[in-house]
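A.B. asks: One structure coming up, written as structure tokens, with questions to follow.
The values are calculated or read from the model by the stated rules, or taken from the named source; none is laboratory data. Not measured: the values here are computed from a predicted model. No Cβ is skipped: glycine too gets one built from the backbone with ideal geometry, and neighbour counts run over all protein chains shown. Accessible surface is based on the protein model in full, side chains and every heavy atom, while ligands, DNA and RNA are left aside. Shrake-Rupley method; radii C 1.70, N 1.55, O 1.52, S 1.80 Å.
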Amino acid sequence: MKKILLATTLIAASTGYAAAEVAVSAKARMGVISDGSDIMFTSRVRIIFTASGETDNGLSFGASVRNDQSGVGNTNNGDSTVYISGAFGKVTMGDTGNAADALVGQVSGVGLTGLGDLNELGWLSRDNTGAMYEYSAGALTFGLGAGQTVDNDLPANAADDDFISAAVKYSTDAFAVALGYEENASDSQLSMMASTSFSGATLKLRLADRDSMADMAYALSVGYAISGADVTAFYRENGLAAYGIGASYDLGGGASVVGGIAREEGSDAIFDLGVSMSF
């Protein structure tokens, strides 16, 4: 769980005002990683700024950004979001726009560094900056997403691929199911995720049917938690098989020892081990 490092409340100088808050949290890691032949040091720290507020008539608004903000922002925003929400739902712009990614998600991965995200089934390509609308009613959540609307006559290195998506998710304490659809100028994909938790175990299954691929891709993961330790394993098949297993042990105070090993068909096994920190 993230712990707030700093919270600042900005107060307007009149009665009937609404307050805004800026909070700072962080994640870091340090350890070793092997690429199949060499063992190397690995470390990273990421500072996340989260701002939130409320208007006089009850609308919520906010934004978030990582410390690695690229500086390009605007129409090529890859690491921050801005939103406004109310009874009508929530509208977000920035590093968003794929409703399937947001509501369907991935099966669980392993390792300190994610070990190449070999557990994941890919999403369709899209421009960084997008917009997404979400609406929740009880256990149901609906989402609609869109990428940039652009001119296909732009230079090759400019944004040139329109993108739309839609998803729905039904979630309870015991299980969740989600269905998502994506489409860009050259491809489309239908994804499904089902997950359930019971007696310390968590099972996840994702299916992805992409128009440009002959076979349906799938991934599944199994996790088990006991006495501060979590063990997770996954298997993925998307034309190349991949599998991995990992574990973490909670040291308390936001620190955990984390490690994993994974392998993709045709490649050497890779592994990592170290300490993950959450502030």
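A.B. asks: Which residues, counting only those in segment 113-136, are of a type in the set (A, V, I, L, M), open to solvent by 20 Å² or more (accessible area, probe 1.4 Å) and at pLDDT below 95?
C.D. replies: Correct list: 131 only.
A.B. asks: Here's another thing I want to ask about it. Among the listed residues 191, 248, 195, 227, which satisfies the condition of being modelled with pLDDT under 95 and either among the small types (Gly, Ala, Ser) or open to solvent by less than 70 Å² (accessible area, probe 1.4 Å) (or both)? Full working, then the answer.
C.D. replies: Numbers: 191 fails: modelled with pLDDT under 95; 248 fails: modelled with pLDDT under 95; 195 fails: modelled with pLDDT under 95.
Step by step, each of 191, 248, 195, 227 is checked, and only 227 is modelled with pLDDT under 95 and either among the small types (Gly, Ala, Ser) or open to solvent by less than 70 Å² (accessible area, probe 1.4 Å) (or both).
A.B. asks: Name the one entry in 251, 220, 207 that is free of Cβ contacts under 8 Å to residues at least 60 places away in the same chain, closer than 19 Å to residue 104 by Cβ and either aliphatic (A, V, I, L, M) or in a strand (DSSP E or B) (or both). Let's see the steps before the verdict.
C.D. replies: Working: 251 fails: closer than 19 Å to residue 104 by Cβ; 220 fails: free of Cβ contacts under 8 Å to residues at least 60 places away in the same chain.
Step by step, each of 251, 220, 207 is checked, and only 207 is free of Cβ contacts under 8 Å to residues at least 60 places away in the same chain, closer than 19 Å to residue 104 by Cβ and either aliphatic (A, V, I, L, M) or in a strand (DSSP E or B) (or both).
A.B. asks: Which of the following residues is in contact with a Ser or Thr (Cβ under 8 Å, 6 or more places away or on another chain), of a type in the set (S, T, N, Q) and within 28 Å of residue 146 (Cα to Cα): 195, 221?
C.D. replies: The match here is 195.
A.B. asks: Could you list, in sequence order, all residues of segment 137-162 that are modelled with pLDDT under 90, small (Gly, Ala, Ser) and crowded, with 16+ Cβ neighbours inside 10 Å?
C.D. replies: 147, 159
A.B. asks: Just wondering, is there one or more residues in segment 109-127 that are assigned to a loop (DSSP other than H, G, I, E, B), aromatic (Phe, Trp, Tyr) and under 19 Å from residue 234 (Cβ atoms)?
C.D. replies: yes
A.B. asks: Residues to consider are 82, 104, 65; find the one that is at pLDDT 90 or above, out of contact with any helix residue (DSSP H, G or I) (no Cβ under 9 Å at 6 or more places or on another chain) and open to solvent by less than 60 Å² (accessible area, probe 1.4 Å).
C.D. replies: The unique qualifying residue is 104.
A.B. asks: A further question follows. Restricting attention to segment 87-101, and to residues there that are of a type in the set (A, V, I, L, M, F, W, C) and touching a residue at least 40 places away in the same chain (Cβ under 8 Å), which single residue is surrounded by the fewest Cβ atoms within 10 Å (Cβ to Cβ)?
C.D. replies: First pass over segment 87-101, keeping only residues of a type in the set (A, V, I, L, M, F, W, C): 87-88, 91, 93, 99-100.
Next, only the ones that are touching a residue at least 40 places away in the same chain (Cβ under 8 Å) stay: 88, 91, 99-100.
On the way: 88: 10, 91: 17, 99: 28, 100: 25.
Among those that are of a type in the set (A, V, I, L, M, F, W, C) and touching a residue at least 40 places away in the same chain (Cβ under 8 Å), it is 88.
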